[in-house]
Amino acid sequence: MAGVVGVVNAGSSSLKFSLFDGDHCFLDGQVDGIGVRVGFRAKDAAGAVVAGPDLSWPAPKSPAEALMTLLPWLRERLEGRPLTGLGHRVVHGGATHERPERVTPALLEELGRLSPLAPLHQPHNLAPIRTALENAPGLPQVACFDTAFHHTMPPVVQAYAIPSRLAAKGIRRYGFHGLSYEYIASALPKAAPGIAEGRVVVAHLGNGASLCGLRAGRSIATTMGFSALDGLPMGTRCGELDPAVVLHLLNQEGMTISEVEDLLYRRSGMLGLSGISSDFRGLLASREPAARFAIEVFIHRVARGIGSLAAALGGLDGLVFTAGVGENAAPVRAMVCEACAWLGIELDPEANASHAGRITTAGSRIPAHVVPTNENLMIARHTRAALSA
Ligand code: ADP
């Protein structure tokens with residue numbers, strides 16, 4: 001379908017947007033600091049700033065309001081092309097939505113019922129969709145789910161060992177970062193043809209971090225579970241934690257539920273471990289032993305996760321690094337590869353320093369690659385396909 005597709009990723013205080021002509025992203029930007037001090041920035045395909053930091057309209061009070069204010073501004077940048085539709089990143093598609101879907105009032109209502117499963121993301125993802133549906137009903141919208149790609153995980157992988165009546169209520173492993181893994185799976189035949197049909201662990205290491213085991217490009221297992229809190233330690237999220245710790249914090253430490261939620265989502269992970277920063281650049285630059293220790297814990301958990309996923313895949317043919325840390329932090333990749341030497345991974349330090357392509361030696365039994373992710377492109381493709389269907 002010809003025309004331009006807009007991609008929207010809404011959070012609690014920000015709205016990121018992109019415009020795609022086919023696979024070509026010609027405008028990319030965000031409104032952030034909503035509710036505090038609103039910032040605005042938009043860049044063209046070459047990365048040149050075309051708007052911002054000042055807004056030429058009144059500060060929006062919510063990301064939904066920001067979208068409605070942005071729409072006329074975005075339409076002015078289409079150079080006569082029609083706006084075919086908007087594709088939205090939606091964190092949770094629940095047990096039934098295995099692929100992106102065109103938004104209807106009924107779908108929105110159903111997705112709203114999933115908000116308790118992802119309280120920090122789902123309501124914020126849905127609010128701008130609802131506002132656009134009400135105020136621009138002629139503009140088609142598509143919801144693209146971060147969970148959908150993991151529907152291929154076998155039932156034994158999805159299950160938690162709790163009474164099965166709870167699984168029927170939706171308490172199971174879903175997995176997230178699915179749009180990123182789906183993009184990587186789509187890019188592998190070109191980026192690393194030798195492993196694309198094999199057993200691959202993809203390490204999406206960013207502010208949020210997880211691992212996914214792919215077999216022939218399909219998700220077999222992943223480190224995130226019921227929520228995006230599980231698995232690897234992240235910028236401020238704790239990752240895998242003995243559930244008894246939560247009981248202890250509530251019963252013995254006297255913390256309230258919202259204090260525990262705040263602790264596990266916003267004050268743990270790399271920030272909690274280091275006491276310095278949630279940001280890898282800051283941690284790698286720091287000489288503080290606590291920063292070093294936080295990185296060591298992260299590497300340990302990534303390496304353990306890779307071993308665990310290799311077991312789930314029944315072997316390993318390749319490792320792929322992606323996202324902010326995976327694409328840019330050569331020292332982190334080097335430490336992960338070193339910790340995975342037992343699997344047959346041998347790093348090529350020079351290739352690793354260049355941040356691209358294969359980063360292991362020619363003799364390495366298992367190759368490791370750096371492949372940049374592109375979740376927005378995945379959303380644009382899905383949106384176009386869903387609207388053409
Ligand atoms: P998000 O989950 O917010 O999309 P990103 O994938 O953008 O996160 O990753 C953000 C992380 O990547 C931050 O911890 C940041 O420090 C890290 N990062 C980005 N560039 C570099 C770099 N050159 N060296 C080390 N870490 C980097």
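Please treat every number below as a calculation from the coordinates, not as lab data. None of the values given here were measured: they were computed from a predicted structure. As a convention, Cβ positions derive from the backbone with ideal geometry for all residues, glycine included, and neighbour counts pool all protein chains shown.
Short version: what are the Cα gyration tensor semi-axes of the range 83-141, square root of 5 times each eigenvalue, largest first, in whole Å?
19, 12, 10
For every other residue with a beta carbon closer than 12 angstrom to the beta carbon of LYS16, add +1 if it is Lys or Arg and -1 if Asp or Glu, then tell me the sum. Walk me through the intermediate numbers first.
Working: positive: ARG41, LYS43, ARG89; negative: ASP28, ASP32, GLU375.
Residues near LYS16 contribute 0 overall.
Enumerate the residues in the range 33-63 having an amide nitrogen under 20 Å from the point lying 7 Å beyond the Cα of HIS355 toward its Cβ.
Backbone N within reach: 43-49.
Give me the number: length gained by fully extending TRP73 to TRP57, i.e. 0.36 nm times residue separation minus the C-alpha to C-alpha distance, one decimal in nm.
Net length gain for the segment: 4.7 nm.
Could you work out the local net charge near GLY3, counting Lys and Arg as +1, Asp and Glu as -1, over the other residues with Cβ closer than 13 Å to its Cβ?
So the environment of GLY3 carries a net charge of +1.
Please report the relative contact order for the range 167-228, taking Cα pairs under 8 Å with a sequence separation of at least 6, and give it as a percent rounded to a whole number. Intermediate values should be presented prior to the final figure.
Details: 86 pairs, mean separation 24.0, N = 62.
With pairs under 8 Å counted, the relative contact order is 39 percent.
Quickly work out the THR152-to-ARG267 label distance, labels modelled 7 Å from Cα along the C-beta direction, and quote it in nm with one decimal.
Output for this residue pair reads 4.1 nm.
With 10 angstrom as the radius, rank HIS97, HIS248 by how many other C-beta atoms surround their C-beta, starting from the fewest.
HIS248, HIS97
Expected output is a single nm value to one decimal: the length gained when fully extending between SER12 and ALA48, i.e. 0.36 nm times separation in residues minus the C-alpha distance. What is it?
10.3 nm
May I ask you to list the lysines whose Cα is less than 19 Å away from that of LYS61, ignoring any residue fewer than eight positions away on the same chain?
Straight-distance partners of LYS61: LYS16.
Please report, in whole Å, how far the alpha carbons of the range 1-79 spread along each principal axis, starting with the longest.
In descending order, the Cα extents are 37, 24, 19 Å.
Over all Cα pairs of the range 267-389, how is the pair count split among 5 Å bins, expressed in % and running from 0 up to the last occupied bin?
For the range 267-389, the pair-distance distribution reads 2, 11, 17, 18, 17, 14, 11, 6, 3, 1, 0, 0.
Counting Lys +1, Arg +1, Asp -1, Glu -1, what net charge surrounds GLY198 among other residues with beta carbon under 14 Å of its beta carbon?
Once all neighbours under 14 Å are counted, the net charge is +2.
Any chance you could get the radius of gyration and Dmax over the Cα atoms of the chain, in Å?
That works out to 21.0, 63 Å for Rg and Dmax.
Run lengths n ≥ 4 of DSSP H only: what is the helix-derived mean residue ellipticity at 222 nm for the chain, with -39500 (n - 2.57) per run over all residues, to the nearest 500?
Calculated mean residue ellipticity at 222 nm is -11000 deg cm²/dmol.
Counting pairs of alpha carbon atoms under 8 Å apart in space and at least six apart in sequence, what relative contact order in percent does the chain give?
This gives 15 percent for the chain.
With springs only between Cα atoms under 10 Å, which of GLN141, GLN158, GLN252 fluctuates most in a Gaussian network model of the chain?
In this elastic network of the chain, the residue with the biggest mean-square fluctuation among GLN141, GLN158, GLN252 is GLN252.
In Å and on Cα atoms, what radius of gyration and Dmax does the range 179-292 show?
Taking only Cα atoms of the range 179-292, I get Rg and Dmax of 17.2, 54 Å.
Using amide H atoms built 1.01 Å from N in the peptide plane, name the residues 5+ places from ALA368, or on other chains, whose amide H lies under 5 Å from its own.
Amide H neighbours of ALA368: LEU319, ILE359, THR360.
Between GLU98 and ALA161, what length comes free when the chain is fully extended (0.36 nm per residue of separation minus the Cα-Cα distance, one decimal in nm)? Don't skip to the end; give the middle numbers.
On the way: separation 63, 0.36 × 63 = 22.68 nm, distance 2.34 nm.
Value of the extension gain: 20.3 nm.
Hey, what did the range 209-335 get for relative contact order, percent, Cα under 8 Å, at least 6 apart?
Over the range 209-335, the number comes to 22 percent.
Would you mind ranking TYR265, TYR160 so that the residue whose beta carbon has the fewest other beta carbons within 10 Å leads the list? The partial results should precede the final answer.
Numbers: TYR265 18, TYR160 13.
In increasing order of surrounding Cβ atoms, one gets TYR160, TYR265.
Note down the magnitude of the dipole of the range 207-328 about its Cα centre, charges +1 on Lys and Arg C-beta and -1 on Asp and Glu C-beta and zero elsewhere, to the nearest 20 debye. Let's see the in-between values first.
Numbers: 10 positive and 12 negative charges, 71 e Å.
Its charge dipole is roughly 340 debye.
Which of GLY29, GLY225, GLY47 moves the most in a Gaussian network model of the chain with Cα springs under 10 Å?
So, out of GLY29, GLY225, GLY47, the one fluctuating most is GLY47.
Where the only charges are on Cβ atoms (+1 Lys, Arg; -1 Asp, Glu), what is the dipole of the range 1-71 about its Cα centre, to the nearest 20 debye?
Here the size comes out at about 260 debye.
With only alpha-carbon pairs counted, each pair once and no self-pairs, how large is the Kirkwood hydrodynamic radius of the range 152-207 in angstroms?
13.6 Å
Please compute P(r) over all alpha-carbon pairs of the range 210-251, binned at 5 Å starting from zero, and give each bin as a whole-number percent.
Result returned by the calculation: 6, 21, 21, 20, 16, 8, 5, 3, 1, 0.
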